[in-house]
Amino acid sequence: MAPSNTHNSDQKPGHGFIQGHSLIELAKIHKTPLYVYDGNQILTNFSAFEQAVSLLDSKVHFAVKANSSMAILSLLSKVGAGADVVSGGELERAIKANIPAQDIIFSGVGKTEDELLLAMRYNIGQINIESGPELDKIAELASMHNLTCSVALRVNVDVDPGSHEKISTGQNNTKFGVSLADGKAEEYYQKIASHPHLRAAGLAVHIGSQLTNLAPFEKAYIALLEFADHLRANGYDVPCLDLGGGFGIDYENLKQPDFTEYGMLINRIFQNKGYRLGFEPGRSIVGNCGMLITQVIYVKQGIDKRFIIVDAAMNDLIRPTLYEAFHQIVCLNEHESETGIADIVGPICETGDYLARGREMPLVLAEDFLAVYSVGAYGAVMMSNYNTRPEAAEILCYNENVHLIRPRRTITDLIEMEKNPF
Ligand SMILES: Cc1ncc(COP(=O)(O)O)c(C=O)c1O
């Protein structure tokens with residue numbers, strides 16, 4: 001049975017609608033593969049997150065890596081979202097989307113000199129330092145260019161988030177943050193606090209993405225708080241604790257993210273502690289607000305398997321290939337109730353090019369449209385041109401309007417980007 005479409009209420013059986021717009025009609029107009037986002041749902045999620053943490057002095061910074069569409073960033077900027085960025089490119093996007101520089105946090109283990117200087121020149125709110133060499137580099141650049149910047153120290157609290165290993169960042173065997181285990185974190189914080197060109201903004205932690213259990217958050221936040229209190233007890237100014245992102249979404253049952261218990265946990269741990277709090281949610285804000293619409297090219301009966309070959313591939317959505325991620329997939333066309341097991345695969349010449357394997361599906365036919373659910377985060381941002389395939393187009397439905405926010409490039413566009421010396 002097809003899961004219900006959580007993106008809107010006025011859905012007809014067997015069909016998908018976003019904000020009253022038929023996905024099939026959108027697919028016919030804009031061709032497939034096509035990302036379709038629900039802008040109203042994005043704002044609902046954002047305000048639900050803000051609300052959940054609103055009892056304490058807090059600021060929510062949308063993690064741009066989850067979806068860096070200019071239209072979506074601008075929409076979030078209008079409701080006061082800050083941004084968490086991980087590259088100079090994302091920083092430029094956030095600035096262009098009118099997110100105030102002071103509301104931008106720059107995270108990441110390998111910020112280059114150019115990126116650090118860019119951030120300092122924009123005078124962004126906070127640069128999260130992840131290592132001793134990065135601290136030395138930022139101190140040197142700030143002195144050399146006579147700039148001052150706010151720096152937080154991202155700590156590694158050695159907590160297993162219980163998520164997929166490729167998106168787990170909280171343990172000492174990962175490249176992220178400065179471990180609390182060997183005294184270096186305090187040494188670095190002391191360096192930040194005493195440097196004439198650096199302002200100590202506080203501490204940051206982010207243990208991973210798609211956490212579906214609150215226990216690892218709790219463990220990580222308590223470790224962070226203990227260290228922050230220790231620093232304060234030793235006379236350091238620790239104004240802010242950046243609690244990262246990571247809140248997981250329900251890919252299987254498509255339930256709306258509910259931040260209530262997370263908010264209660266935050267209150268329980270941080271109330272009356274006197275820290276300003278920062279948050280960097282990405283997936284939980286946009287993940288359930290996007291669908292990828294794809295058309296069936298062929299249905300192929302193999303020796304022991306049926307393959308539904310569609311026009312979206314791993315270059316359009318790499319999550320199933322990269323993380324063995326599960327996405328609900330429904331057929332938007334009406335069919336009898338009979339179903340069969342099939343792999344849903346793309347046209348790319350890799351066995352790893354699939355959207356789903358062993359999935360029970362209606363007996364779909366060539367030219368049917370399928371909707372791949374919950375692709376609003378880490379979907380379009382990871383698109384590539386592998387096999388010289390232009391990226392999927394992107395559409396945003398907002399307040400009954402349909403906006404083409406990223407037109408599809410042509411194959412000529414792709415080829416002409418290159419320089420051919422012969
Ligand atoms: C530093 C940092 N902050 C925030 C996020 C956003 O995480 P999520 O999309 O799971 O909320 C990430 C992604 O893993 C990250 O690396």
**Prompt:** Under the condition of being over 11 Å from Glu90 (Cβ atoms) and under 21 Å from the mean Cα position of the chain (by Cα), which residue from the stretch 106-118 is surrounded by the most Cβ atoms within 10 Å (Cβ to Cβ)?
**Reply:** Lys111
**Message:** Test of understanding: among Gly177, Gly183, which residue is at pLDDT below 95, under 20 Å from Gln126 (Cβ atoms) and among the small types (Gly, Ala, Ser)?
**Reply:** Gly177
**Message:** Which residue is farthest from the ligand (Cβ to nearest atom), if the candidates are limited to the stretch 277-286 and must be under 19 Å from Met70 (Cβ atoms) and in contact with a Gly (Cβ under 6 Å, 6 or more places away or on another chain)?
**Reply:** Val286
**Message:** Please verify whether Arg319 is of a type in the set (Lys, Arg) and touching a Leu at 6+ places or on another chain (Cβ under 8 Å), treating the condition exactly as stated.
**Reply:** no
**Candidates Leu225, Leu265 - the one that is more than 15 Å from the ligand (Cβ to nearest atom), in contact with a Lys or Arg (Cβ under 8 Å, 6 or more places away or on another chain) and modelled with pLDDT of 95 or more** = Leu225
**Item:** Candidate set: the stretch 132-166, residues that are in a loop (DSSP other than H, G, I, E, B), within 14 Å of the ligand (Cβ to nearest atom) and surrounded by fewer than 18 Cβ atoms within 10 Å (Cβ to Cβ); chosen: the one modelled with the lowest pLDDT
**Value:** Gly162
**Prompt:** Between residues in the stretch 217-240 that are more than 19 Å from Gly263 (Cα to Cα) and residues that are assigned to a helix (DSSP H, G or I) and of a type in the set (Ser, Thr, Tyr), which pairs lie under 7 Å by C-beta distance while being six or more apart or on different chains?
**Reply:** Leu231/Tyr189; Tyr236/Tyr189
**Message:** Being within 16 Å of the ligand (Cβ to nearest atom) and either of a type in the set (Phe, Trp, Tyr) or outside the structural domain of Glu90 (by TED's automatic domain parsing) (or both): is that true of Gly340 here?
**Reply:** no
**Asked** Mind checking whether some residue in the stretch 340-355 is surrounded by fewer than 22 Cβ atoms within 10 Å (Cβ to Cβ) and within 20 Å of Ile24 (Cβ to Cβ)?
**Response** no
**Complete:** Residue hits (the stretch 219-253; within 21 Å of the chain's Cα centre (by Cα), over 15 Å from Glu280 (Cβ atoms) and surrounded by 17 or more Cβ atoms within 10 Å (Cβ to Cβ)) are Ile249, Tyr251
**Message:** Anything in the stretch 232-268 that is in contact with an Asp or Glu (Cβ under 7 Å, 6 or more places away or on another chain) and among the aliphatic types (A, V, I, L, M)? List them, or say none.
**Reply:** Leu265
**Item:** Number of the condition not met by Ser384 [criteria: (1) part of a helix (DSSP H, G or I); (2) exposed (fewer than 13 other Cβ atoms within 10 Å of the Cβ); (3) in contact (Cβ under 8 Å) with a residue 60 or more places away in the chain]
**Value:** (1)
**Asked** If you check every pair at least six apart or on different chains, which have Cβ atoms under 8 Å apart with a residue in the stretch 160-189 that is among the basic types (Lys, Arg) first and a residue that is more than 13 Å from the ligand (Cβ to nearest atom) second?
**Response** Lys166/Leu322; Lys184/Gly132; Lys184/Val178
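The values are calculated or read from the model by the stated rules, or taken from the named source; none is laboratory data. From a predicted model like this one, the values you see are computed outputs, not experimental measurements. In this analysis, Cβ positions are derived from the backbone assuming ideal geometry, glycine residues included, and neighbour counts consider all displayed protein chains.
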